[in-house]
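Have a look at the structure below, then the notes.
Derivation of every value follows stated rules applied to the coordinates shown; laboratory data play no part. The structure presented is a predicted model; accordingly, all values stated were derived computationally and were not measured. Neighbour counts run over all protein chains shown; Cβ positions are idealised from the backbone, glycine included.
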Amino acid sequence: MNPTYQPSEVESAAQADWTAADAYRVTEVAGKKKYYACSMLPYPSGKLHMGHVRNYTINDMLARYLRMSGYNVLMPMGWDAFGLPAENAALKNGVPPAKWTYENIAYMKGQLQAMGLAIDWSREVATCDPSYYKWNQWLFLKMLEKGIAYRKTQVVNWDPVDQTVLANEQVIDGRGWRTGAPVEKREIPGYYLKITDYAEELLDHVQHKLPGWPERVRLMQENWIGKSSGVRFAFTHDIRGADGAPIQDGRMYVFTTRADTIMGVTFCAVAPEHPLAAHAAASNPEIAAFIAECKAGGVTEAELATQEKKGVPTGLTVTHPITDEQVPVWVGNYVLMSYGDGAVMGVPAHDERDFAFANKYGIPIVQVVLVDDEPHFDFHKWQDWYADKERGVTINSDNFSGMRYQEAVDAVAHALEEKGLGAKKTTWRLRDWGISRQRYWGTPIPIIHCPDCGPVPVPEQDLPVVLPTDCVPDGSGNPLNKREDFLACTCPTCGKPARRETDTMDTFVDSSWYFMRYCDPANDQAMVADGARYWMRGQGNATGGSGMDQYIGGIEHAILHLLYARFWTKVMRDLGLVTIDEPFTRLLTQGMVLNHIYYKRNAKGGKDYFPPAEVTPTLDAQGRITGGTTADGTVVEYGGVGKMGKSERNGVDPQELIEKYGADTARLYTMFTAPPEATLEWNDAAVEGSFRFLRRVWNFGQALAAMPAADGAAPGKAAKALRREVHTVLRQVDYDYQRMQYNTVVSGAMKLLNALEGFKAEGEEGGVAALREGFGILLRVLYPVTPHLTHQLWKQLGYADAQGLLLDAPWPVVDESALAQDEVELMLQINGKLRGAVVVPAGADKAEIEALAVASEAFTKHANGQTVKRVIVVPGRLVNVVVA
């Protein structure tokens, strides 16, 4: 090898060795400890970003460490290849999404291979491959048989110009992202999965069966599932529809967790789609116009939470179930028909949203809860204590006055139940999962529509329903609707001409079980088989419990992806496909990679961004960045640090980094700069520092190779001290590997190199042997993070001759005898003041320590001939001589 560190040479040679040995192909080995470590699969957008580099290096370090520790380790990779971005790229470039996707996969796979990751590529999957999505379709049909999948109408965003359904992110300010046309809400049929049937189990398991998950993520899952205990009750009315019958049998139901505030109801609000709203709109153009405006808005809870709360009075009233007073009904744009019964009671005194709504429209506010020591109620300024149910006591509530929260809820529920108008109920924020997408690039839903038989499942033997791969979306709706060769088919039931379903599945379906397919990627007879039973089982768990040992991914997937994967696993369990309850035993959510943001305001008031590499920062007196200038003198503003992104132009191309410094430097930098869970702020100088460290390792290896062979002599005093330091650091590094604190692992490797470089072997008994032992430990400690450089040095220095290739070398074990000391240094104090140190034999008793302390040069110098009164010894730490 070149005596000068040349990353490209080192890395190509190491990868050639691994390829020749097929080093990362993994098989199921009975009786061997297994470990399944998996990173969330990437979307093939075209290029890796530094977040990918960080994620996969974390996984790679874990996999390599465990393999050296005797585990059979699986680290697979695949591609989340269906989805909207491919269709957008097709619109822009005029190419089929399939072509764009597979070209991106090929490029990104090359980038991953250049990183030297220990991936078993024989298990690679792409979710757009028919051999994969066949099983999406197969399980959907099994869910249909069991009643877990069903068909109903759904509210969607409809672009009237493109004649297509838009995803929520495609609606910008109420208009279609491509056409600019006002978006409408429409109800169209679609398929749903009954995830709500599993709500109780999903909640219970996230609370009690996932101790290896971050508390933050478990709380996010709990909140999304959203179990609420409250009261469902009816406001009665005699509002009659066109048929003369009372609408909804004369009952408008609501659900509330604050039944204690029922005496403070001053209005009710219904969703724009509610039957009472439709009835009012039929005779009032203003209400009809408002409902039409609401239909142009978003359809998600998140969108409704951020938009301005608006409403119109319907002129209708309903009867309060306790007081019999008439309560006005409003239509509110913030009420979702899909949540509860599409109506809410308005208690403005004790709900912040209702408080703002009431003040906006002049609706009365009645205080019915008082908190001790908070007597002043400002009807025009919200205060958090208004909603405090823990400290509150009911007032102005007739028979319910003077009660604490739970007592009041119980009393109100009992009163409503006696009237036959309500009862206690548990509700869930979680809603059934709508998987129908009116888009092309996704898994075709395996349904055939027959004029006589209706929707008919595709027979199992006819799967997969293959998606044509040569369609080029043009923005005028789903291209499958124009493909007669796809649409035309025969009804499996009656044999008459029929049409295929053109909706495709939500791409969350693809990512809900891919990690199980890695276990049996080539099995065309079963969705999962023996491979899943081997890899997807928790340590020590034959049945039940959790499966994959370690899952790694971004916090942005903490809710939906993880929730759907958990649901999918439970369905597969109930269908007898797996024996586990939960898919992921441990979860690590790695921090984002951040970089500086620089921009300049353009003529339109927007921001034009500049790459940090093109900006010279301007600093204030404290060294803080305040702005910057580019090479041509353009003055730019500083936007702080933020997530690397294309729009902010603050990303760092991993390919450029690898070409300049090598993959090992990129890996080392991303591991050393911050703990895996923390954000990583990019620093070009630190990248250069990482490279310099690796060059030092390489240079030390070359120097060691030139030293004479070890002479077999027993280690002298200096060699023993080196061994002690090496094994002390090794003990800490091993602990850090076990807890996945990889930044301190790198720190430990740096300490080891410093110790080795500082040791002078010449003339020292056992010196070369101590150096070779220490460097062998350093190479193994550093190998999981920088596998190329360490692999080559391991071979070059002959370690492989005795222990084989580094990837299968045994993990170094701490030598306890090396940690034993012949002598120890104790602090020497005189009358409690530090005056130096004294070296004593490691096994010296108290009398011997006292004698050595009094006879030491430091004591003679500082005692000034004073008489020793007594000596205090703190074993292993200090000796204090008291004189007078």
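Summary of values
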| quantity | calculated |
| --- | --- |
| 4 °C / 1.567 mPa s Stokes-Einstein diffusion coefficient of region 549-614, Kirkwood radius on C-alpha pairs, µm²/s | 83 |
| Coarse-grained scattering of region 823-883 at q = 0.16, 0.21, 0.26, 0.29 Å⁻¹, given as base-10 log I(q)/I(0) from a Debye sum over alpha-carbon atoms | -0.39, -0.69, -1.09, -1.37 |
| Over the chain, relative contact order from alpha-carbon pairs under 8 Å, at least 6 apart, % | 13 |
| Calculated percent of Cα pairs over 38 Å apart (choose from (1) 45; (2) 59; (3) 63), label | (2) |
| Over 23 Å between alpha carbons, listed pairs Lys32/Lys209; Lys152/Lys424; Lys47/Lys99; Lys600/Lys646; Lys604/Lys646; Lys227/Lys424 | Lys32/Lys209; Lys152/Lys424 |
| Longest to shortest principal axis, alpha-carbon extents of region 230-428, angstrom | 48, 37, 30 |
| Cα pair distances of region 301-404 binned at 10 Å [whole percent] | 13, 40, 36, 11 |
| Under 20 Å from the Cα of Lys381 - aspartates and glutamates, other chains or at least 8 residues apart | Glu308, Asp351, Glu352, Asp354, Asp372, Asp373 |
| Amide proton proximity set for Val366, modelled H, under 5 Å, gap of 5+ | Ala349 |
| C-alpha center-to-center spacing [region 185-199, region 56-82] in angstrom | 36 |
| Centre separation in Å (Cα based) which lies between region 431-453 and region 819-846 | 79 |
| In Hz, Karplus ³J(HN,Hα) per residue of region 73-85 (6.51, -1.76, 1.60; θ = phi - 60°; x = Gly, Pro) | 10, 10, 10, x, 8, x, 9, 7, 8, 8, x, 4, x |
| Other-chain or far-sequence residues with amide H under 5 Å of Gly836's (modelled H) | Leu828 |
| Peptides 516-525, 263-272 ordered by average Cβ neighbours within 10 Å, highest first | 263-272, 516-525 |
| Separation in nanometres of the label points that stand 7 Å from Cα toward Cβ, at Lys227 and Asn602 | 5.1 |
| Principal axis box of region 411-514, alpha-carbon based, largest edge first, Å | 65, 33, 30 |
| Label-point separation, Arg696 to Ala621 (7 Å along Cα→Cβ), nm | 3.6 |
| Kirkwood-Stokes translational diffusion coefficient of region 744-884, alpha-carbon pairs, 37 °C, 0.692 mPa s, µm²/s | 177 |
| Hull shadow area, averaged, region 680-819 [alpha-carbon convex hull, nm²] | 8.6 |
| Mean Cβ count within 10 Å, highest first, over the residues of peptides 674-687, 75-88 | 75-88, 674-687 |
| Mean ellipticity per residue at 222 nm, deg cm²/dmol - from DSSP H runs of n ≥ 4 across the chain, formula -39500 (n - 2.57) | -10500 deg cm²/dmol |
| Interchain or long-range residues, amide H under 5 Å from Gly639's placed H | Ile597, Tyr598, Tyr599 |
| Nitroxide proxy distance, nm - points 7 Å out along Cα→Cβ at Ala678 and Lys643 | 2.1 |
| Solution diffusion estimate, µm²/s, Stokes-Einstein, region 580-665, Kirkwood Rh from C-alpha pairs, 10 °C, viscosity 1.306 mPa s | 103 |
| Cα-based helix-to-principal-axis angle, 787-796 vs the chain, degrees rounded to 10 | 30 |
